[in-house]
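Working notes, beginning with the structure itself.
The values are calculated or read from the model by the stated rules, or taken from the named source; none is laboratory data. If you're wondering where the values come from, they're calculated on a predicted model, not measured in any experiment. Every residue, glycine among them, receives a Cβ derived from its backbone with ideal geometry; neighbour counts consider all protein chains shown. We work out accessible area using only protein heavy atoms, side chains counted, and drop any ligands, DNA or RNA first. Shrake-Rupley method; radii C 1.70, N 1.55, O 1.52, S 1.80 Å.
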Amino acid sequence: MLLLLRVVLLSSLVLPAAGYAALACPSQLFVSGFDGTPEAGDRAAVRAALARGATLRLGWELDFDGDGIGDLTHWAEASFLTEWEGEVFAQVQAIHRQRPIRDEGRVELPPPWNEWRGILGTDGSLAGALSTPREGGARGSRAVRIVWCDTAAPSWRLLYRHDAQGRALEGSLDALHRAVRAGHAIHVGWGLEVVRDGQTPRSVEHLAAPVFITIVDQHHVAAQLPEHIGQRGYWNVEDAFFDDPAVLWRGLMTTQGTFDAVWVDRSSGEAKRRSPQRAALSWYGFGVAGADAPSLAVPEGVMRDQARADERLTP
């Protein structure tokens, strides 16, 4: 009975299959491994965040089979923080004990509805307490992999992702609109994976900062990519050299999944090549937070200055 309570106490869940991606966040301050040793950042960053009153978010993984891969992942906001002898400890808010159902993709709250509380430390520890009506309470601790995140720190985050036909996959166009209107930096990413003749999959990924962004009719977004010299090779690093320096490449991408690419000889102005494509795109924003910005489209927001136009026509 004690062993059962200990598993429920620490994880509140039935063990799922191993193999989840490593825990991470864009604004991480410190990461400790399953053995408590630092993996990234340092404790001083957490202490500094604590001193400036930052809002911290914690993620932790449990490795039940000891293979070094997290089997179970939780995230929670720190509700109470303590600094003690160089370590920081964070209590997370009380939750009801929960249980996922293996191979069914669902999580349930099984009776009796007991309350679980936990405290995590920069020393890599998790201490939990489960309030059980019949047992009067149970406690336990174990080593877990923990990432400490500053939720207020500016970071890049995915705003919207769609497939090559413009069908939404993640995020929302509204989030992208808000970021553009508020003047946040935007990046757009795309890529391709191919498998030929049963060989190992090969892939190439691109990320660019648009130089001109348009929101059309409060809906779709179009972005021009900066002009630059094309590469001689994209799939082979050994062939990653500039192509003809007189020929510059530019692209125009939209949230409809369209991608217009053109190569122009800047010495002559001649379009050497044009390649209309469709692409699955990911749109990112930096430091996106705060109140919504108003629409940039206002009545008579842009109009022809006829007086100055007439001046230019006068000899």
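Structural remarks
- Length released on extending from ALA129 to GLU85, taking residue separation times 0.36 nm less the Cα-Cα span: 13.5 nm
- Largest to smallest principal axis extent of the C-alpha atoms in the stretch 189-232, angstrom: 45, 27, 11
- As a fraction of the 1.4 Å probe accessible area of the chain, surface on carbon and sulfur atoms comes out at 53 percent.
- Taking every Cα-Cα distance in the stretch 33-126 and sorting them into 5 Å bins starting at zero, the pair-distance distribution P(r) comes out as 3, 11, 19, 22, 18, 13, 8, 5, 1 percent.
- Annotation for LEU192 and ALA153: the two label points, set 7 Å from Cα along the Cα-Cβ direction, are 3.6 nm apart.
- For the chain, the convex hull drawn through the C-alpha positions has a volume of 239 cubic angstrom per residue.
- Nearest-10 value in Å² for the accessible area of HIS74, using the 1.4 Å probe: 30 Å²
- Theoretical FRET efficiency, 1/(1+(r/R0)^6), r = Cβ-Cβ of SER267 and ASP239, R0 22 Å, to 0.05: 0.35
- With R₀ fixed at 30 Å, the C-beta to C-beta distance from THR37 to LEU207 puts the FRET efficiency at about 0.40.
- Using just its DSSP H runs of length 4 or more, each adding -39500 (n - 2.57), the chain gives a mean residue ellipticity at 222 nm of -3000 deg cm²/dmol after division by all residues.
- ARG99, ARG167, reordered so the largest accessible area comes first (probe 1.4 Å): ARG167, ARG99
- Around the Cα centre of the chain, unit charges on the Cβ atoms of Lys, Arg, Asp and Glu (plus for the first two, minus for the last two) sum to a dipole of about 480 debye.
- For ASP103 and ALA168, a Förster radius of 35 Å and the Cβ-Cβ distance give a FRET efficiency of 0.80, rounded to the nearest 0.05.
- Intensity falloff of the stretch 85-224 expressed as log10 I(q)/I(0), Debye formula with alpha-carbon point scatterers, at q = 0.10 Å⁻¹: -0.70
- In the stretch 169-274, a dipole from Cβ-located charges (positive for Lys and Arg, negative for Asp and Glu) runs towards its positive end, and of ALA208, HIS220, ALA271 it is HIS220 whose Cα lies farthest in that direction.
- q = 0.12, 0.14, 0.17, 0.22 Å⁻¹, the stretch 194-286: log10 I(q)/I(0) [Debye, one scatterer per Cα]: -0.49, -0.65, -0.91, -1.23
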